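Notes to accompany the following structure.
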């Protein structure tokens, strides 16, 4: 069972996320893009630098508006293409929430070499954390065996209220029994230590 003390309060988690992102070397990210055969232009460098300073998942429009205030000549299409390039390179994760206007994609930066992981996202404050382990691999293999498919990949995004938002919520009656009780992952569930700010 995951205790609320196992997860940092929202403000602390956001600060930790900014610090973790700041520890990601811009040069390492750009080198990874070059290693994959992509050009590192001046605008792409600015977009990547700003993206890895973000504490939350952002849309291409969010970054574009921030860049527009300080940089001339970087268009929304360039921002979008750069974010897509980062996602294809494993340096960003696409978060698709059906309740977002126009299902707009948000992007969350990922560390180079972080490997396959999933996310849990607060539907109120946007706090996002990585789930370092993937318990879906045995299920994926079982489905592949039963269906005959050669499964190439999967994604999993969990949405709910983080402990800080639960504590500040005046309407706890809307929370499910599992959430109010702290929730359990079951015998094969994730180790609370595997949950880290993304």
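The values are calculated or read from the model by the stated rules, or taken from the named source; none is laboratory data. Nothing here was measured: the structure is a model prediction, and the numbers come from that model. Neighbour counts run over all protein chains shown; Cβ positions are idealised from the backbone, glycine included.
Computed values, structure above
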| read-out | value |
| --- | --- |
| Some residue of the stretch 76-96 being modelled with pLDDT under 80 and in contact with a strand residue (DSSP E or B) (Cβ under 8 Å, 6 or more places away or on another chain) | yes |
| The stretch 59-95, residues that are outside any helix (DSSP H, G or I) and within 18 Å of the chain's Cα centre (by Cα) | 59, 89, 90, 91, 92, 93, 94, 95 |
| Single residue of 55, 31, 60 found to be modelled with pLDDT of 90 or more and closer than 21 Å to residue 83 by Cβ | 60 |
| Among the residues listed as 153, 127, the single one being in contact with a helix residue (DSSP H, G or I) (Cβ under 8 Å, 6 or more places away or on another chain) and in the same structural domain as residue 168 (by TED's automatic domain parsing) | 127 |
| Selection count where residues are touching a strand residue (DSSP E or B) at 6+ places or on another chain (Cβ under 7 Å) and surrounded by fewer than 13 Cβ atoms within 10 Å (Cβ to Cβ), scope the stretch 144-166 | 2 |
